[in-house]
Each structure stands twice: as C-alpha cells, then as structure tokens.
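Trainee: Once you've had a glance at the structure underneath, I'll fire off some questions.
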Amino acid sequence: MISFEEIQAIAETGLTLGRDREFFARTWSTAPTLYEKRLRALGFTGLGHVLDLGSGMGQWLRALAGMNEEVTGLEYFTERVAVSSEIIRRMELPNVRVIQGPAETQPFADHSFDAIFSYSVLLLTDYRKALAEAYRVLKPGGRFYLNTNGLGWYIYNMVDGHNSSENFSARDMAIDTLANTIQYFATGQHRPGSSIVMPKALTLAELEKLGFKILAVDDEGKINLTGESGVSPFFPGEKYGHEAVYEILCVK
Ligand SMILES: C[S@@+](CC[C@H](N)C(=O)[O-])C[C@H]1O[C@@H](n2cnc3c(N)ncnc32)[C@H](O)[C@@H]1O
C-alpha cells in the first residue's frame, strides 16, 4: 500500500506550479471515506464504466475504482494526467486509466459510459460544448452528476479571499472570472482553463435542452439518495444571498 508521503513525493516532482501542489495536498489529505460516502449518496456504486470528467489529481478516481467495474479519468492538463496516472499505478488499481483531453471534444465514441461524474470542472470549460459532449458519450439511461459554481462563490472569494496563499490570489481569480463570464456570454468565446460563473438556471436549461432529465438539484454535498450517514459538503451552497456551489444529478 502506498503511503501518503509517497503520494506527496510524486506530486512534489510532477507538479511545477505551487498552487497545484497546494490543491494536491488539500485533495489527498481529505479522508477517502468522505469521497466514498458522497459517491454512495449519489448512487455511484455498482456501475459498469464510469467517466470522471476533469479528474484532476485523481482522488475521486480512487474512490470510484473501489465501487465500480471500470473508471476512466479525462483531464486537460498533462502534469495532472501524469501525476494521477502514477499514483493510480502505484496504488495498483488496474480498473482505472487517465486520458489527456478536453471536455469540449472528448476522445470517446458515442454511448461509451454508464455514468459520468464531474466535480468542479464545468466552470473551467466552454460548458455548453462540454455538456453536449457528456450527453453524447453517455449511454441512454446513464446518470450524470455535476457540480459547479454560481455568482455567490466568486463574491465570497472577492470578499473573503478563500484559500489565498503566496501562490494563489482568490480575489484576482474572482475578478478574472467575472471578466471571463461577460466575454463568454457576450461573444461565446472561452479561453481554455479560464473560469466562468455558471448560473444554476442556465445550467439546468442547457441540460434539459440536450435531453437530460433532472433527478435532483441542491447545494453542493446535499443530494443524498440513499440516506447515507456522515455525508458532508466541501463547499457552501450560498454566500451573501447568491448561489455559491450547487450540484445536479440527471439522467439521459
Ligand atoms: C477544480 S479542479 C477539480 C478536479 C477534480 N475533479 C477534483 O474534484 O478535485 C478542475 C479540473 O478540471 C480540469 N480542466 C480544466 N479545463 C478542462 C477542460 N477543458 N477539459 C477537461 N478538464 C479540464 C483542470 O485541469 C482541473 O484538474
């Protein structure tokens, strides 16, 4: 069994940005049982082939792998693909693979997956294209979980400077996000990797337009279909009177 120190050493050598190393430490130092409980509450167990869309540092991959037959991670940034692949290899999880590619043009055939899980990713994509791709690669009847950020998250970051450090300014990120959002909705242009505000009503409308049926909508970490105990949110659902981080479970 690989230790936390060994996992961290892989990240130290593989991630060049300080803010990525901080993000890595936050995700991998969270108890694995918290991720497992969240997945059980969403019904992401006993499934065939699951896609983790925007798999990042790989902590959800590990949890998904223990509960489902096969897991594929799709991740845009090559350093994260390399680091998470190495961790998966060292953890000896033969049912997981990580592929580099964008959510907007996914390198998969139609109807490839039984379910898609996407945690805090769509806000960094041209989300209308990414949602259409999720619909295309999902099998009919397959479930899709996503969470993403509304305006309240960025107001909170501007006011409170959440998780700011010498490597990351939450205020600059929030200001940048507001500028990106205006550009995205005014022109349809999205710069890869840049974040935008995703108003919940627009996300729901887009999903329904594509043909998804909405099963549940709530603040991040609140959907609990199975009555799982000890399920806890990682982020606030509302800040300063505005939606912050919300989640949606839907089916094709
Ligand atoms: C906030 S992180 C979340 C990562 C992971 N899902 C988690 O819960 O820790 C967002 C991830 O989306 C990835 N990403 C950004 N733009 C993407 C795109 N266009 N296609 C696929 N992944 C993307 C980033 O590299 C990053 O790893």
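Trainee: Sorted from fewest to most neighbouring beta carbons within 10 Å, what does the list 67, 158, 198 look like?
Mentor: Ranked by crowding around the Cβ, least crowded first: 67, 158, 198.
Trainee: To continue, here is another question. Along the range 43-53, what does the Karplus equation 6.51 cos²θ - 1.76 cosθ + 1.60 (θ = phi - 60°) give for ³J(HN,Hα), rounded to whole Hz, x for Gly and Pro?
Mentor: x, 8, 9, x, 9, x, 9, 10, 9, 9, 7
Trainee: For the range 205-252 and the range 139-167, what is the separation of their C-alpha centers, rounded to whole Å?
Mentor: Each part reduced to its Cα centre gives a spacing of 12 Å.
Trainee: What does the charge count near residue 155 come to, summing +1 for each Lys or Arg and -1 for each Asp or Glu among other residues with Cβ under 12 Å from its Cβ?
Mentor: Net of charged neighbours comes to -1.
Trainee: Apply the a/c threshold of 1.5 to the C-alpha gyration tensor of the range 171-210 and tell me whether it is rounded, prolate or oblate.
Mentor: Cα axes put the range 171-210 in the prolate bin.
Trainee: I want to verify a result. In a Gaussian network model of the chain, Cα cutoff 10 Å, which of these has the top mean-square fluctuation: 185, 235, 24?
Mentor: Of 185, 235, 24, the most mobile in the Gaussian network model is 185.
Trainee: What value does the chain have for Rg/Rh, both radii from Cα atoms and Rh as Kirkwood defines it?
Mentor: 0.93
Trainee: Assuming a ≥ b ≥ c are the square roots of the Cα gyration tensor eigenvalues, decide whether the range 79-183 counts as rounded (a/c under 1.5), prolate (otherwise, with a/b larger than b/c) or oblate.
Mentor: In terms of gyration-tensor shape, oblate.
Rule-based calculations on the coordinates, nothing more; no lab input. Here the structure is a predicted model, which is why all the values come from computation and not from measurement. So basically every Cβ, Gly included, is an ideal-geometry build from the backbone, and we count neighbours across all protein chains shown.
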